[in-house]
Amino acid sequence: MKRRTFIAAMAAVGAAPLVRAQSLPSAPIRIIVGFPPGGGTDVMARVIAQQLSARWDHPVVVENKAGAAGVIAADYVAKQPNDGTALLMTNISNHAIAPNLYPTLGHDVRRDFTPIMLVGITPNLLIGNLEQKANTLAELVAQCKSQPGVVTFGSSGVGAAQHLALEMFKLRAGIDALHVPYRGSGPMASDLVGGQINYSFETMTSATPLVRGGKVKVLAQTRTKRAQAFPDVPTVAEQGYPGFEASTWYGLVGPGGMAPALVARMNEDMNHALAQPEVAAKLQGYGAEDGGDSAAKFAEFIEAELAKWAKVIREANVKPA
């Protein structure tokens with residue numbers, strides 16, 4: 001589906017009346033997560049599932065189908081009936097990076113999914129182990145320039161959000177640094193704390209316990225505004241790189257071709273869930289902000305993310321593992 005057709009279709013969904021009488025599926029609703037329990041995507045899914053289950057008085061369960069950086073789960077949901085019984089808690093990796101990095105995916109993000117709602121956007125935190133001398137972004141850039149290709153940055157894998165944030169920063173700062181991919185944030189964080197690698201643009205969800213526990217130092221965050229959870233940590237943009245934005249985001253989508261009235265009903269109730277003070281507080285604790293709004297707005301957001309990361313992948317010459 002072409003970009004204009006996709007946005008026009010989703011605009012029609014966003015403009016549809018919010019029909020409270022629209023029936024929900026009679027079967028339990030599953031929110032599929034492409035990562036193990038405990039990660040950022042899983043946490044977001046469980047917060048939303050709990051709220052929707054109570055609001056709908058209907059089972060809404062989270063099902064983890066981990067593997068291939070979320071691609072297995074995405075493939076699975078793309079092939080499910082579009083009756084609302086199977087939804088995907090997607091994220092930047094599934095819906096913006098993978099389509100540009102892996103052109104032979106078994107699904108098309110425009111054709112095979114129906115955007116429902118953006119759940120939240122979180123910054124990544126630029127963290128380093130306590131042995132590193134750099135305490136500011138300027139000092140880190142100077143370190144990288146004095147030791148080109150030597151300073152190491154870990155990520156949870158090739159093409160992960162942490163990896164692409166690094167590649168974007170290398171392009172903007174004009175530096176050379178060594179990317180060290182791991183199989184997940186857990187082992188990467190262990191090596192970072194242990195001093196085997198120097199830095200990481202880690203997701204806020206995973207980095208927060210390390211920062212709060214005093215196990216790493218934090219130099220910057222990667223949205224253009226400071227997260228409420230870290231008001232004292234300056235952004236990359238504030239430290240000399242205006243407009244720098246390398247956030248991790250989460251959203252709910254269903255299989256392609258969902259009925260507009262069903263999308264509108266689900267979107268309305270998901271927005272209501274996000275508006276609950278306890279939900280907002282919990283998501284803000286993970287750095288997740290600016291969720292909600294219409295399905296059409298989420299479709300536009302996805303398009304912008306696809307274009308942004310396509311440019312980074314092309315200019316940085318990022319290749320699949």
Quiz item: Hey, any hits in segment 279-287 for a residue that's in a helix (DSSP H, G or I), within 30 Å of PRO181 (Cβ to Cβ) and at pLDDT 95 or above?
Solution: no
Expected single match for outside the structural domain of ARG172 (by TED's automatic domain parsing) and touching a helix residue (DSSP H, G or I) at 6+ places or on another chain (Cβ under 9 Å) among LEU210, LEU283, LEU262 is LEU283
The condition of being in contact (Cβ under 8 Å) with a residue 60 or more places away in the chain and either of a type in the set (A, V, I, L, M) or outside any loop (DSSP other than H, G, I, E, B) (or both) holds, among VAL71, VAL62, VAL77, only for VAL77
Here the qualifying pairs (Cβ atoms under 6 Å; residues six or more apart or on different chains; first in segment 80-103 and within 22 Å of ARG223 (Cα to Cα); second of a type in the set (Gly, Ala, Ser) and not in a helix (DSSP H, G or I)) come out as THR90/GLY251; ILE97/GLY159
Original post:
Residues in segment 136-153: is at least one under 25 Å from VAL71 (Cα atoms) and modelled with pLDDT of 95 or more?
Top reply: yes
Looking across segment 186-241 at residues that are touching a strand residue (DSSP E or B) at 6+ places or on another chain (Cβ under 7 Å) and among the acidic types (Asp, Glu), the single one that is farthest from ALA281 (Cα to Cα) is ASP191
Q.
For segment 111-119, check the following and say yes or no: at least one residue is over 19 Å from the mean Cα position of the chain (by Cα) and of a type in the set (A, V, I, L, M, F, W, C).
A. no
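The values are calculated or read from the model by the stated rules, or taken from the named source; none is laboratory data. Keep in mind that what you see is a predicted model, and the values were worked out from it rather than measured. All Cβ positions, even for glycine, are placed from backbone atoms using ideal geometry, and neighbour counts span all protein chains on display.
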